[in-house]
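Peer 1: Dumping the structure here so I can ask a few things about it.
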Amino acid sequence: MSSSPKSRKRGRYHHGDLPRALVDAALDLVQEQGVAALTLREVARRVEVTHAAPYRHFKDKSALLAAVAEEGFKRLSTRLGDARREASTSETLAATGVAYLRFAVQHPAHYRVMFGTESETGRSATLEAAATDVIVELRALCAEGSGRDDTEASEEATALWAQWHGLALLHLGGWLELQPPAPSPKLLTEALDATPSTPPPTGRELTAPPSKNAEQASPATDPASSSPTESSAPTPLDGPDHSGSDHSDSTLDVSNSDETGPHENFR
C-alpha cells in the first residue's frame with residue numbers, strides 16, 4: 001500500500017530536510033506577515049510536523065530567525081559574486097551596487113531580519129560566517145585590477161558596504177525612492193573617494209522631507225541682517241543647484257522592468 005503525500009513528506013523531513021523546510025517556511029511567513037507573526041508553532045503547522053519538532057533544531061524563535069538571516073547573507077553574497085563576475089570591467093562596481101540594492105528592495109522583510117532591525121535576531125558562528133562572505137565579495141571587488149593591498153581593499157569594502165546599506169535603509173524607511181531611471185554610478189561608488197581631505201557626499205540625491213509646520217516654525221528673517229552668502233548657502237540636503245538641468249539621475253533603478261539601460265545586463 002502506497003503512503004500518502006503527507007506521510008511521504010514527514011518521512012523526508014525525518015531524513016534531514018526539516019531544518020531547511022523550517023527556514024523556508026519561516027521566511028515565507030516573515031515576508032507575508034512580518035516578524036511579529038512568526039512562531040515555531042505556526043512554522044510547524046505550515047511544514048506539517050508536530051509542534052515539538054522544530055525545537056529539535058532551533059531552541060527558540062530567535063534561533064530560527066538567525067537561520068533565516070544566515071540564509072539571506074548567503075543569497076546576497078551569491079548575487080554580489082554573480083554581478084561582479086558577469087559585468088564588464090568598467091561597470092563592475094556599479095553593477096555590484098545595483099545587485100546589492102535590488103536584493104534589499106525585492107526582499108525588505110528578509111533584509112531587516114538579516115541586519116537585526118527587528119531586534120529579535122540572535123547571533124551564531126554560522127550567521128557571522130555568512131555575513132563575512134559579503135565583505136569577502138566586496139573586498140575582492142575593490143582589489144580586482146586596482147593593485148590595492150589587503151588593508152586598503154578591506155577599508156574600501158567597508159566603506160562601500162556602509163554606503164549601500166545606508167541607501168537600502170533609507171529606501172526601506174521611506175526616505176529615498178529607489179526606482180527608474182538607471183542608477184548613477186557616482187552615487188554607488190563615491191564612498192571610495194571620501195578621504196579626510198575630501199568632503200563627504202552632500203546628499204544631492206536626497207530631498208529633505210516636507211514639514212507640515214515649516215512656515216509656522218521658521219522665525220521671521222530680517223533681510224537687512226542676512227548677508228547674501230548666508231541666505232544663498234545650500235543646506236547639506238539641498239546639494240548643488242540643478243535649475244534647468246535634467247534630474248534623471250536622482251533615483252536608482254533597482255527594478256526588474258523591461259526597459260533597457262546601462263545596467264540591463266545586471267538583472
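Peer 1: May I ask you to evaluate 6.51 cos²θ - 1.76 cosθ + 1.60, the Karplus curve with θ = phi - 60°, for each residue of the stretch 149-163 and list the ³J(HN,Hα) values in order in whole Hz, giving x for glycine and proline?
Peer 2: Working through the residues one at a time gives 7, 4, 5, 4, 5, 5, 5, 6, 5, 5, 5, 5, 4, 4, 5 Hz.
Peer 1: Another question, if that's okay. Hey, can you rank 108-114, 79-85, 51-57 by average C-beta count inside 10 Å, highest first?
Peer 2: Values: 108-114: 21.1, 79-85: 18.6, 51-57: 15.7.
Ranking, from highest mean packing down: 108-114, 79-85, 51-57.
Peer 1: Could you check the simple spin-label distance between R85 and A37, using points 7 Å along Cα→Cβ, in nm with one decimal?
Peer 2: Between R85 and A37, the simple spin-label model gives 3.6 nm.
Peer 1: Counting only C-alpha contacts under 8 Å and six or more residues apart, can you give the relative contact order of the stretch 10-58 as a whole percent?
Peer 2: 35
Peer 1: Calculate the dipole size of the stretch 10-58 relative to its Cα centre from +1 charges on Lys and Arg beta carbons and -1 charges on Asp and Glu beta carbons; express the result in debye to the nearest 20.
Peer 2: Dipole of the stretch 10-58, to the nearest 20 debye: 220 debye.
Peer 1: If the viscosity is 0.890 mPa s and the temperature 25 °C, what translational diffusion coefficient in µm²/s does Stokes-Einstein give for the stretch 120-177 when Rh comes from Kirkwood over Cα pairs?
Peer 2: Using the Kirkwood radius from Cα pairs, D works out to 190 µm²/s.
Peer 1: Between R56 and D28, take the C-beta separation as r, use R0 = 30 Å, and let me know the FRET efficiency to the nearest 0.05.
Peer 2: With a Förster radius of 30 Å, E is 0.90.
Peer 1: Distance from a point 7 Å along Cα→Cβ of E144 to each backbone N in the stretch 66-100: keep the residues under 11 Å and list them by number.
Peer 2: It comes to 80-97, nothing else.
Peer 1: ³J(HN,Hα) across the stretch 98-105 via Karplus (A = 6.51, B = -1.76, C = 1.60, θ = phi - 60°), whole Hz, x for Gly/Pro?
Peer 2: So the Karplus estimates, Gly and Pro as x, are 4, 4, 5, 5, 5, 4, 5, 5 Hz.
Peer 1: As a test of understanding, state the convex hull volume per residue of the stretch 10-58 from its alpha carbons, in Å³.
Peer 2: Values: hull volume 3.0 nm³, N = 49.
Roughly 61 Å³ of hull volume per residue.
Peer 1: Which one of V30, V43, H57 has its Cα pushed farthest toward the positive end of the charge dipole of the stretch 10-58, where Lys and Arg give +1 and Asp and Glu give -1 at the Cβ?
Peer 2: H57
A short reminder: the numbers here are calculations on the coordinates, not readings from a lab. Quick caveat: nothing in here was measured; it's all calculated off a predicted structure. FYI the Cβ positions are ideal-geometry reconstructions off the backbone, even for glycines, and counts take in every protein chain you see.
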